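The values are calculated or read from the model by the stated rules, or taken from the named source; none is laboratory data. Since this is a predicted model, take the numbers as computed values, not measurements. Cβ coordinates were reconstructed from backbone atoms using ideal geometry, including for glycine residues, and neighbour counts include every protein chain displayed.
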Ligand code: URA
């Protein structure tokens with residue numbers, strides 16, 4: 001609006017509304033797009049993540065741990081209280097059992113990469129909310145792309161259903177070979193170690209799942 005028109009409008013009592021420049025975005029576009037990040041950038045993005053409300057209740061984010069060139073990616077659900085305290089996945093009782101399961105398959109914990117669907121602990125260990133999964137899943141997808149594992153082992157219903165995008169009960173998902181798209185990665189589902197601690201009778205089935213995973217990753221189960 002030019003000065004003359006503004007003066008005229010002012011004299012007849014018409015207020016002037018001048019459009020303000022839009023506020024600059026707080027995050028530069030693309031800076032937090034996980035699909036564009038390398039390992040260190042991704043770890044930093046997770047550390048500073050405020051995409052969902054869990055940022056307000058977590059003690060630590062839990063990015064994942066292990067060999068960034070591992071052949072196996074183990075995927076769990078979300079950090080529990082111990083993991084939230086220490087910032088590392090599967091460090092509680094379930095983690096001890098996961099370590100023994102891996103050892104049984106001839107793998108040390110340090111030889112695989114371990115991550116969760118959610119990088120922050122849901123309060124009270126409740127199931128992840130759809131909105132939390134929606135916000136967090138791009139981080140796991142980027143971890144899969146960067147790692148390009150030979151095999152993904154999903155432990156528990158939430159990890160399996162989330163990655164496969166199905167609602168099939170875990171009893172029907174375990175015991176067979178899936179392929180995770182769009183990565184084309186073989187994926188095996190087994191019970192969550194926390195469930196196996198409560199139902200040790202199911203360990204036999206879990207061992208069968210691990211043997212299947214071993215067959216697939218050594219090229220015999222395709
Ligand atoms: N349960 C999970 O699914 N992940 C962890 O990191 C710990 C417990």
Only residues that are surrounded by 19 or more Cβ atoms within 10 Å (Cβ to Cβ) and under 18 Å from residue 144 (Cα atoms): list them for region 38-60, please.
42, 45, 46
For a quick check of your reading: which helices (runs of 4 or more DSSP H) sit entirely within region 146-222 and have at least 1 residues that are surrounded by 15 or more Cβ atoms within 10 Å (Cβ to Cβ) and free of Cβ contacts under 8 Å to residues at least 24 places away in the same chain?
157-164, 170-173, 203-217
When you check residue 146 against the structure, is it closer than 24 Å to residue 211 by Cα and touching a helix residue (DSSP H, G or I) at 6+ places or on another chain (Cβ under 7 Å), yes or no?
no
Any idea which residue in region 106-128 is surrounded by the fewest Cβ atoms within 10 Å (Cβ to Cβ), counting only those that are more than 13 Å from the ligand (Cβ to nearest atom) and under 18 Å from the mean Cα position of the chain (by Cα)?
123
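Evaluate the following for residue 137: is it part of a helix (DSSP H, G or I) and either surrounded by 15 or more Cβ atoms within 10 Å (Cβ to Cβ) or more than 15 Å from the ligand (Cβ to nearest atom) (or both)? Give the derivation first.
Details: part of a helix (DSSP H, G or I): yes; either surrounded by 15 or more Cβ atoms within 10 Å (Cβ to Cβ) or more than 15 Å from the ligand (Cβ to nearest atom) (or both): yes.
Criteria met by residue 137.
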Which residue is farthest from residue 189 (Cα to Cα), if the candidates are limited to region 68-78 and must be surrounded by 16 or more Cβ atoms within 10 Å (Cβ to Cβ) and more than 11 Å from the ligand (Cβ to nearest atom)?
70
Before we move on, is residue 103 modelled with pLDDT of 95 or more, more than 15 Å from the ligand (Cβ to nearest atom) and part of a helix (DSSP H, G or I)?
yes
I need every pair where a residue in region 70-84 that is touching a residue at least 24 places away in the same chain (Cβ under 8 Å) has its Cβ under 7 Å from the Cβ of a residue that is within 6 Å of the ligand (Cβ to nearest atom) and assigned to a strand (DSSP E or B), sequence separation at least 6 or different chains.
75/116; 76/116; 77/116; 78/116; 79/116
Determine whether residue 81 is more than 16 Å from the ligand (Cβ to nearest atom), more than 13 Å from the chain's Cα centre (by Cα) and at negative phi.
no
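Would a scan of region 114-128 turn up a residue that is within 25 Å of residue 204 (Cα to Cα), free of Cβ contacts under 8 Å to residues at least 24 places away in the same chain and in contact with a helix residue (DSSP H, G or I) (Cβ under 9 Å, 6 or more places away or on another chain)? If you could, list the steps in order and put the result at the bottom.
Narrowing region 114-128 to residues within 25 Å of residue 204 (Cα to Cα): 114-116.
From the residues that got through so far, the ones that are free of Cβ contacts under 8 Å to residues at least 24 places away in the same chain too are none.
The answer is no; no qualifying residue exists.
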If residue 94 satisfies every condition in (1) within 13 Å of the ligand (Cβ to nearest atom); (2) outside any helix (DSSP H, G or I) but one, which is the exception?
(2)
Residues in region 54-79 that are outside any loop (DSSP other than H, G, I, E, B) and within 14 Å of residue 107 (Cα to Cα) total 4
